[in-house]
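The values are calculated or read from the model by the stated rules, or taken from the named source; none is laboratory data. Since the structure is predicted, the reported quantities are computational estimates derived from the model, not experimental observations. Counting neighbours? That spans all protein chains shown, and the Cβs are built from the backbone with ideal geometry, glycine included. Side chains are part of the model used for accessible areas, which takes the heavy atoms of the whole protein and leaves out ligands, DNA and RNA. Shrake-Rupley method; radii C 1.70, N 1.55, O 1.52, S 1.80 Å.
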Amino acid sequence: MKLNEFIKKLVQNYMLIFASIIIVLTILRQFFYPDMPFDLKSIYIIMGFSFISALVGFILNSSLNISEKNMRIRMAIHFFALETILISLGVIFGLPTSASSILILALEIAVIYVIVRLLSWQNDKKVAEQINEGLKSLKKDMGGEP
């Protein structure tokens with residue numbers, strides 16, 4: 001993967017992760033802490049966690065063609081790396097204050113991970129369909145079967 005493609009993917013993932021965190025936290029706060037506003041410090045922490053999460057995405061990038069099994073292994077490693085890094089940072093910054101809040105943080109990370117993976121899969125599927133349509137068109141123009 002070229003550097004500019006990696007940076008583009010990094011920025012896309014950052015925005016997707018940041019938006020997902022804001023949406024999940026907004027919904028959760030409506031149920032558990034309806035009077036708690038987002039302060040500037042919270043936004044900066046979310047931005048930092050989003051950036052770190054996007055950077056850890058290098059685990060999934062490969063310039064080699066890898067098998068589906070290897071990609072699933074990479075996704076599992078990526079997920080556990082994210083859980084470990086983000087929970088550790090949360091503990092360092094004093095965000096979770098009890099074992100139950102650590103479990104809630106782990107659950108939030110898992111939900112956001114699933115949302116981001118599903119949205120990325122949808123985008124990749126759309127790109128693959130566009131490539132296939134282009135190949136069909138090229139094959140048709142070259143006199144091959146449609």
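Listed by first and then second residue, the pairs linking a residue in the stretch 45-61 that is within 10 Å of F18 (Cα to Cα) to a residue that is acidic (D, E) and open to solvent by 30 Å² or more (accessible area, probe 1.4 Å), with Cβ atoms under 9 Å apart and 6 or more places separating them unless they lie on different chains, form an empty list. Of the residues making up the stretch 122-145, none is under 16 Å from the mean Cα position of the chain (by Cα), under 18 Å from L25 (Cα atoms) and free of Cβ contacts under 8 Å to residues at least 12 places away in the same chain. Inside the stretch 89-146, residues that are hydroxyl-bearing (S, T, Y) and in contact with a helix residue (DSSP H, G or I) (Cβ under 8 Å, 6 or more places away or on another chain) make up a count of 2. When E68 is tested against the conditions (1) in contact (Cβ under 8 Å) with a residue 12 or more places away in the chain; (2) more than 16 Å from the chain's Cα centre (by Cα), the lone failure is (1). Taking the conditions (1) among the small types (G, A, S); (2) under 21 Å from K9 (Cα atoms); (3) surrounded by fewer than 14 Cβ atoms within 10 Å (Cβ to Cβ) in turn, S120 satisfies each one other than (3).
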